[in-house]
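Below is one structure; the comments refer to it alone.
The values are calculated or read from the model by the stated rules, or taken from the named source; none is laboratory data. Please read all numbers here as calculations on a predicted model, not as lab measurements. To get the accessible areas, we keep the full protein, side chains included, count just its heavy atoms, and leave off ligands, DNA and RNA. Shrake-Rupley method; radii C 1.70, N 1.55, O 1.52, S 1.80 Å.
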Amino acid sequence: MRAFSRRQFLQLAGAGAVTAAIPALTQAEELWSTGSEKPTFKLPAGAVDCHMHIYDDRFPSAPGTTLRPPNASIEQYRKIQARLGVQRNVVVTPSTYGTDNRCTLDALKRFGSNARGVAVVDTSVTDAQLTEMSAAGVRAIRFNLSYPGATTVDMLAPLASRIGALGWHVELVVQGAKLPELERHLRALPCPLVIDHIAHVPQPGGMQSDAMRTAQRLVDKGNTWITLSGPYVDTKTGAPAYADVEPVAKAFIDMAPERMLWGTDWPHPTEKAHKPDDAALVDTMAAWIGRADWQEMIFVANPVRLYGFD
């Protein structure tokens, strides 16, 4: 048998460690999620992931878009669903595709009756197109006002007035710092409003911010919903506790548990260097909600009512 020096042994051991790590790294890359354990909290039957995306390079990115993640497929997401114990989901058209909703509509067709959709449109959309999307499972239109893109604030009122007859709502993603200047437009909407990602209340000092006060006024009005998703976007204290975001989320939950939603934000397109642990995020959200009756409401009853699940 060949004798190995200490240096050669350590080199081989190091190579073995790297080799052993490759499957875990590959899995994290393929599923766009860290970890493999199931959540400690068991999601109630019929839970709905109200915010996730599909990326598929069969559908071209819109010119000028800056967020262009790798493919994140239905097959990959179904593995996340199995891990978390959730069967129903809402597919949201990401900014990557502008007003081209073909990727989302394709996903809705393939997911079937357990999925609903959120589309991105501008004022050129026809009533016939809206009706077709409604039949396909779309239940809302999304406004991404964080950066210049497919939708603008002047489109809010005319589009909101057109989707009401379909029973749709508006979903908004915008930096929390911009909420005060948008408040008058949002308060005037004739349909429900969903603000994504815990209203992007900025940190530090979120509870004392103008963004938080504005979001609370909108929620208090009775027509605004908040999606409990993506705490990693605005946190400064970080995972797994997101201690700075926690009081913000809990304040919204205490105000209106009947208008809170939950979403994974899979495949976490803003997180390029490190993907979060989706199971840990479920446990964090469940702990923030606390009460079992509110967990049932937020994970199941609220989205069933808003998105029209059977």
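Semi-axes of the equivalent ellipsoid of the stretch 111-171 are 20, 14, 10 Å, computed as sqrt(5λ) over the eigenvalues of the C-alpha gyration tensor in descending order. When the residues ARG142, ARG217, ARG305 are ordered by accessible surface, computed with a 1.4 Å probe over the protein chains alone, the sequence from largest down reads ARG305, ARG217, ARG142.
Please figure out what share of the DSSP beta bridges in the chain is antiparallel and state it in percent, rounded to the nearest 5. Walk me through the numbers on the way to the answer.
Details: 1 of 26 bridges.
Roughly 5 percent of the DSSP beta bridges within the chain come out antiparallel.
Each Cα pair under 8 Å and six or more residues apart adds its separation to the average, and for the chain the resulting relative contact order is 20 percent.
Jot down the per residue volume, in cubic angstrom and as a whole number, of the convex hull over the alpha-carbon atoms of the stretch 210-306. Before the final figure, lay out each step's value.
Working: hull volume 10.0 nm³, N = 97.
Convex hull of Cα atoms, per residue: 103 Å³.
Number of Lys-Lys pairs in the stretch 179-310 with C-alpha atoms under 25 Å apart and a separation of 8 or more places or on different chains: 5.
Dividing the convex hull volume of the alpha carbon atoms of the chain by its residue count gives 160 Å³ per residue. Taking all protein chains together and rolling a 1.4 Å probe, THR284 ends up with roughly 20 Å² accessible.
Which order do ARG291, ARG116 take when ranked by solvent-accessible area (1.4 Å probe, heavy atoms of all protein chains), largest first? Walk me through the intermediate numbers first.
Details: ARG291 120, ARG116 20 Å².
From most exposed to least exposed: ARG291, ARG116.
Taking every alpha-carbon pair under 8 Å whose residues sit at least 6 apart, the stretch 157-300 reaches a relative contact order of 19 percent.
Counting only heavy atoms of the protein chains and using a 1.4 Å probe, THR152 has close to 50 Å² of accessible surface.
Counting only heavy atoms of the protein chains and using a 1.4 Å probe, THR123 has close to 80 Å² of accessible surface.
How would ASP234, ASP57, ASP196 line up by accessible area, probe 1.4 Å, largest first? Each step should come with its number before you reach the end.
Values: ASP234 30, ASP57 115, ASP196 0 Å².
Greatest to least solvent exposure: ASP57, ASP234, ASP196.
For the chain, hydrophobic long helices are taken as DSSP H runs at least 30 Å long by C-alpha position along their axis with mean Kyte-Doolittle hydropathy of -0.5 or more; these are 6-31.
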